[in-house]
1. For a quick protection proxy, order the peptides B:216-223, B:5-12 by their average other-Cβ count within 10 Å, most packed first.
2. Under the classification rounded if a/c is under 1.5, otherwise prolate if a/b is larger than b/c and oblate if not, where does region A:1-85 fall, given a ≥ b ≥ c as square roots of the Cα gyration tensor eigenvalues?
3. Send over the per residue convex hull volume for region B:23-89, Cα only, as a whole number of Å³.
4. Given a Förster distance of 41 Å, report the FRET efficiency between residue A:73 and residue A:152 from their Cβ-Cβ distance, rounded to the nearest 0.05.
5. Under 25 Å from the Cα of residue B:16, which lysines turn up, not counting those fewer than eight places away in the same chain?
6. Tally Lys and Arg at +1 and Asp and Glu at -1 over the other residues with C-beta under 15 Å from the C-beta of residue B:82: what net charge comes out?
7. How long, wide and thick is region B:177-225, going by the Cα atoms along their three principal axes, in whole angstroms, largest first?
8. Mind jotting down a quarter of the surface of the convex hull over the alpha carbons of region B:67-156, in square nanometres, one decimal?
Amino acid sequence: MSIGHTLLGLLESGPRHGYDLKRAFDEKFGHDRPLHYGQVYSTMSRLLKNGLVVVDGIETGGGPERKRYAITDAGITDVQRWLATPEKPEPYLQSTLYTKVVLALLTHRDAADVLDTQRSEHLRSMRILTDRKRKGDLADQLICDHALFHLEADLRWLELTAARLDKLREAVAR
Amino acid sequence: MTPPAGSLLSAEHLRKAYGPTLALDGAEFSIHPGEVVAVMGPSGSGKSTLLHCLAGIVTPDSGTILYAGRELSAMSDAERSALRRSDFGFVFQFGQLVPELTCVENVALPLRLNGTSRKEAERAALGWMERLEVDDLRKKRPGEVSGGQGQRVAVARSLVTDPRVLFADEPTGALDSLNGERVMELLTDAARSTNAAVVLVTHEARVAAYSDREIVVRDGRSRDMERVV
């Protein structure tokens, strides 16, 4: 999963402090693997350097300075590009795909689009494997079958998620 | 309407309602000779209705369907029936073989209905049964063969008239993985060798992987993924 793109996507709804970003990330995507503060700040420094976010304000209270970050137009374009680009089909994609779908919903983009594009990419890989299987010997067939079953499992998840988009939209809006 | 260049069968703005239920809501489609196009989508999305409209079995409420430059809606029922017999082939989830006839008589049936002599029809039928690896079943009746064998017989029957378009609706839906794959291999090999276009309705990715491209139908609208990605 791309932490940078996820944090950028979270900034689309409005500027946030690093702490707020971490909290939002952990709540929506962290589950059993919350972000470390160090990861948030190193990621934000990189995004800042690349012009994808700007510092929108600095609060100086009793404690250390708190920077508030805002996404730039280039940042929005970067999130859009990431969401529109299918992931290379490989095992254990679910965390990245889940993040993309939730982010698309959070930012009022077409989440069905993300799923359709990914399905198409998976099918492209499945066609190559199916062709290899048809032309290959038994060993090729068994190796390709293994990969095909894994891709098929991903695709079933994509279909099920597509069928549950309305419910997921309600859940992420809460 | 201008169909995509070189397309054999195309449809635009198809709309079809069954009472208050909108099955198709602006669906589009096109296929070239020799191409295998998978029509995917969840249950109830309208994919079977799309296939039935394209095959001239169901008349859409509005929209146009062009087959080889002719508009289906401009044809009479008799002309559409004749077209289905001469140019289209059909395979469904369950073979729908006639139980009283032997397998070779089932395969020969479309030719017999078109007026071909029994001897000639059965000779052609046997040729297709050999290609589908079921020629040894020629004297058996459908009740005496397995599901996978019966489906291969049904595929042979769908190809015996040398159709230009083969419509396959969940053709492996009732088969196990191994039989399903073999049916798909034989079906797509046979169709490609005769340059027939195949409209393949399926919800199974492993079946869709035998296609050249896919369109996705959702809520009665279609999306051609080749044009998107």
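Please treat every number below as a calculation from the coordinates, not as lab data. The shown structure was predicted, so the numbers you read here are calculated from the model rather than taken from an experiment. Backbone-built Cβ (ideal geometry, glycine too); neighbour counts: all protein chains shown.
1. Details: B:216-223: 20.2, B:5-12: 17.8.
Descending mean neighbour count gives B:216-223, B:5-12.
2. oblate
3. Cα convex hull per residue, to the nearest whole number: 98 Å³.
4. Approximately 0.55, to the nearest 0.05.
5. Of all the lysines, those that pass the test against residue B:16 - Cα under 25 Å, at least 8 places apart if same chain - are B:47.
6. Surrounding charge for residue B:82 is +2.
7. Result, largest extent first: 32, 26, 14 Å.
8. Working: hull surface 26.6 nm².
Quarter of the Cα hull surface area: 6.7 nm².
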